[in-house]
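The values are calculated or read from the model by the stated rules, or taken from the named source; none is laboratory data. For clarity, every value in this text was computed on a predicted model and none was experimentally measured. Cβ coordinates were reconstructed from backbone atoms using ideal geometry, including for glycine residues, and neighbour counts include every protein chain displayed. The area values use the complete protein model at the heavy-atom level, side chains included, leaving out ligands, DNA and RNA. Shrake-Rupley method; radii C 1.70, N 1.55, O 1.52, S 1.80 Å.
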Amino acid sequence: MSVVRLRRLRRTPALRSLVREHRLHVEQLVQPLFVVERDAAAGPIGAMPGIDRLTLPGAVREARELCALGIRAVLLFGIPAHKDATGSSNADPNGIVQRTIRAIKDALPEMIVIADLCACEYTDHGHCGVLDERGGVDNDATVRLLAQVARTYADSGVDVIAPSDMMDGRVEAIRCALDAHGFAETAILAYSAKYASAFYGPFREAAESTPQFGDRRSYQMDPPNVREALREIATDIEEGADAIMIKPGLPYLDVLRAARDAFDVPIAAYNVSGEYAMLKAAIANGWLEERAVDETLVAFVRAGADVVITYFAKEWASRNR
Ligand code: PBG
């Protein structure tokens, strides 16, 4: 019989808690919010029970509730009233995201407001940028648009800009545009390793951003690749990213771990809409217990995430007060 008995420290809740290696803190959580410009578009999202598309006042109310639960950060997605081929409503200084940033910062100056930066919610074709003659996404024209939009977000008082388009060179272009216009303090959280994933399905319903033709594989990453993710991250850091993101979360925990081991910047994991939908559906059916959520969220911390972006933020914070 071995003298080593690992079970000794598992005997009581207090002992287990004493030697616990990783913990999720409410301060690490980011709650994504969908804000609609047309009030009539507000309401529940079918595949994301518990998550609503919010009006602007609804988003401010939600931010107050999150704040009361100790959540420090929100990630904004806008659903504009008007979409066109070039995503022009995205750069409107009075666009839905710009107005929501101002309203939340006014009501709750301490709340960290992060704005997702991507044209897909604003283009009528649903791609993440401006198209060229052949129907592909024009990298450099898109980067110019993103830099312009980033300035309007910064001007509205956003704390962090999170480009999720996967164009090359966008972090540098955004950084330069911000610095040139007096926004040296606005941070960039780059969606560096963002994969062309099937797990974004419910989000695209929520944001009305499903591509009208083709898919996103010519700009988002190929799921089997990990070395390429490290190159994307290294490039974004060189270009001035303050923090980087791995997305989706659960199917890419190995990428998160590889990034953690290779880089010292803060890393965010995005527990995306499809991951939320899976757990919610299984829990609603009684097939899984609710603690599957806690187990999932702590896995991101164990794999090396500093920040966890998740639709579960609010419910986790309410259950763990
Ligand atoms: C915008 C964007 C997407 C998500 C975040 N930003 C959709 C996509 O790339 O198709 C997905 C988030 C989620 O699924 O929760 N480009």
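Peptides 281-293, 213-225, 28-40 ranked from most to least packed, by the mean per-residue count of other Cβ atoms within 10 Å: 28-40, 213-225, 281-293. In sequence order, the stretch 135-147 has phi-based couplings of x, x, 7, 6, 4, 6, 5, 5, 4, 5, 4, 4, 5 Hz under the Karplus curve 6.51 cos²θ - 1.76 cosθ + 1.60, θ = phi - 60°, and Gly or Pro positions carry x.
DSSP assigns beta bridges within the chain; of those with both partners inside it, close to 10 percent run antiparallel.
Accessible-area rank, largest first, for Arg257, Arg20: Arg20, Arg257, with all protein chains present and a 1.4 angstrom probe. Taking amide H atoms as placed 1.01 Å from N in the peptide plane, the amide H of Ile188 lies under 5 Å from those of Ile161, Asp242, Ala243, each 5 or more residues away in sequence or on another chain. Computed log10 I(q)/I(0) for the stretch 1-79 at 0.13, 0.16, 0.24 Å⁻¹: -0.58, -0.70, -1.11, from the Debye equation with unit scatterers placed on every C-alpha and solvent omitted.
Using only alpha carbons, the stretch 212-309 has a radius of gyration to Kirkwood radius ratio (Rg to Rh) of 1.03.
Overall, the accessible surface of the chain at a probe of 1.4 angstrom is composed of carbon and sulfur to the extent of 51 percent. Solvent exposure of the chain, expressed per residue, is 46 Å² of accessible area, with all protein chains present and a 1.4 angstrom probe. When both the stretch 261-278 and the stretch 88-119 are represented by their alpha-carbon centers, they are found 22 Å apart. 3J(HN,Hα) along the stretch 105-121, derived from phi through the Karplus expression 6.51 cos²θ - 1.76 cosθ + 1.60 where θ = phi - 60°, amounts to 5, 5, 6, 9, x, 7, 5, 7, 9, 10, 10, 5, 10, 6, 7, 4, 6 Hz, with x in place of Gly and Pro. With a ≥ b ≥ c taken as the square roots of the eigenvalues of the C-alpha gyration tensor of the stretch 154-265, please select rounded if a/c is under 1.5 and otherwise prolate if a/b is larger than b/c or oblate if it is not? Since a/c reaches 1.5 but b/c is at least a/b, the shape of the stretch 154-265 is classed as oblate. Close amide H contacts of Glu37 (hydrogens built in the peptide plane, cut-off under 5 Å, sequence separation of 5 or more or a different chain): Ile79, Ala81.
Over all other residues within a Cβ to Cβ distance under 15 Å of Gln98, the charged ones net out to -3, with Lys and Arg as +1 and Asp and Glu as -1. Only helical runs count toward this figure. For the chain, summing -39,500 (n - 2.57) over DSSP H runs of n ≥ 4 and dividing by all residues gives -11000 deg cm²/dmol at 222 nm.
Remark: accessible surface ordering of Cys120, Cys67 (largest first) is Cys67, Cys120, probe radius 1.4 Å.
Couplings 3J(HN,Hα) for the stretch 32-41, derived from phi with the Karplus relation 6.51 cos²θ - 1.76 cosθ + 1.60 (θ = phi - 60°), are x, 10, 9, 10, 9, 7, 8, 3, 5, 7 Hz, where x marks Gly and Pro.
Counting only protein chain heavy atoms and rolling a 1.4 Å probe, the accessible areas of Glu239, Glu295, Glu121 rank, largest first, as Glu295, Glu239, Glu121. Annotated for the chain: lysine pairs at least 8 residues apart or interchain, Cα distance under 25 Å, count 8.
Mind pulling up the Rg/Rh value for the stretch 23-319? Radius of gyration and Kirkwood radius, both on Cα. Computed over Cα atoms, the ratio is 0.93. Computed over every Cα-Cα pair of the stretch 115-183 and binned at 10 Å starting from 0, the pair-distance distribution P(r) comes out as 22, 54, 21, 3 percent.
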